[in-house]
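Derivation of every value follows stated rules applied to the coordinates shown; laboratory data play no part. Keep in mind the model is a prediction, meaning the values are calculated, not measured. Neighbour counts run over all protein chains shown; Cβ positions are idealised from the backbone, glycine included.
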Amino acid sequence: MEDVLDEVVSSEDLQKFERVFHEQLHLGKVTHKAQFEYAWCLVRSKYPTDIRKGILLLKELFNSHPEGKRDYLFYLAIGNARIKEYNKALHYVKSFLEIEPANQQVLALERQINKRMEKEGLIGIAMAGTAVLALGGLVGLGVALASKKK
Amino acid sequence: MTSGPYNYSYIFKYIIIGDMGVGKSCLLHQFTDKKFMADCPHTIGVEFGTRIIEVAGQKIKLQIWDTAGQERFRAVTRSYYRGAAGALMVYDITRRSTYNHLSSWLTDTRNLTNPSTVIFLIGNKSDLDGQRDVTYEEAKQFADENGLMFVEASAKTGQNVEEAFLETAKKIYQSIQDGRLDLNAAESGVQHKPASPGRPLAAQPPARDNCAC
């Protein structure tokens, strides 16, 4: 556990807040609170499908409940970063920082997202490098076999 | 932020709790970055910080969860109490209401943590002595009656901030030494050093499924 993006919700918590949300949904009246609590758990799930669902619920809240905008933006950024939609995540971070440019919590999140992008970019390069080496090995083997035949 | 090798023997989980605006995040930043944030906006949900400290020659990594004080976060932030080895419970010495709510914070902490969790009471904003609304003696008595450790501190000047975090760690470490804290219990809030040296330990292994290696 190195940063907030690593954190995973427990299944009991997810189920607890899911139950409340669904009960209210059933009665036809979902409060902002219940929807936010459920979405907050969903974006911390280990399953991308849950995270995507959380993002949808947060977007809905963002459009219907202006008072909670900063909370929704923050967790929209976290949710997107967790499914590796880094550009979307940074877009939400940027929107947040337009309102509160010095917010340390959001600036820290921005650094973590950038760090992940960098790390995963490097992994991509490393894998490409290994492929080149493997290819080089095959060519080398081919050359060796060809020269042996002579 | 923190540089150098991640070399530590233990990980302790802390939570910081208390009313809105008492300075929980400022205490965290003073402790992790040695900086005071003048206008600290309200925390969203939870904030996370780490620092490696030393107790009795052992390197210990503190993983600190700073919870939002606003009521609307309360239901979900309660789940962060689970498995905390240390709880820093904060009030503002210039606002009596934040002190009056301590018993409710304490009840939550006792219900949601385990008996070996160390609870440390912090009266923050000790630099504003002129505006004091809660006496030292009164809070000290409350702490004694409830078996809590206690200091008055200032996130602004840094006074006693280091002490609060370190004394909590010492007490936890003591519990491990005495065998009162079971390291194998999942909820103890304490983890052993990772098997391979120099590699940070993930608190939740399932979270690592994003690793492409």
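Of note:
- Cross-link pairs A:LYS59/B:LYS193; A:LYS69/B:LYS193; A:LYS59/B:LYS24; A:LYS53/A:LYS115; A:LYS59/B:LYS34; A:LYS46/A:LYS115 - those with Cα-Cα distance over 31 Å: A:LYS59/B:LYS193; A:LYS69/B:LYS193; A:LYS59/B:LYS34
- Residue with peak Gaussian network fluctuation, chain B [Cα springs, cutoff 10 Å], from B:GLY158, B:GLY179, B:GLY45: B:GLY179
- Helix B:24-33 vs. chain B, principal-axis angle (Cα, 0 to 90°, nearest 10): 50
- Sum of side-chain charges, B:SER116 neighbourhood, beta-carbon under 15 Å (Lys, Arg +1; Asp, Glu -1): +3
- Burial ordering of B:LYS24, A:LYS46, fewest other beta-carbon atoms within 10 Å first: A:LYS46, B:LYS24
- Summed side-chain charge close to B:GLY86 - residues other than B:GLY86 whose Cβ falls under 12 Å, Lys, Arg +1, Asp, Glu -1: +2
- Full extension of the chain between A:GLU23 and A:GLU60 gives 11.5 nm of extra length, using 0.36 nm per residue less the Cα-Cα distance.
- q = 0.11, 0.15 Å⁻¹: log10 I(q)/I(0) that the Debye formula gives for chain B, counting C-alpha atoms only: -0.51, -0.96
- Cα-based helix-to-principal-axis angle, B:102-112 vs chain B, degrees rounded to 10: 20
- Dipole of region B:4-194, positive end: most advanced residue of B:LEU128, B:TYR8, B:ILE53 [Cβ charges, Cα centre]: B:TYR8
- Gyration tensor (alpha-carbon) shape descriptor, region A:4-134, a/c threshold 1.5: oblate
- For A:ASP3, residues with placed amide H under 5 Å, excluding near neighbours: none
- Near A:THR31: Cβ cut-off under 12 Å, other residues only, Lys/Arg at +1 and Asp/Glu at -1. The net charge is +1.
- Angle between chain B longest axis and helix B:161-178 axis [Cα atoms, degrees, rounded to 10]: 50
- With helices as the sole contributors, chain B gives -8000 deg cm²/dmol at 222 nm; each DSSP H run of n ≥ 4 counts as -39500 (n - 2.57), and the sum is divided by every residue.
- Length added when fully stretched, B:ARG78-B:SER103, from 0.36 nm per residue minus Cα-Cα: 7.4 nm
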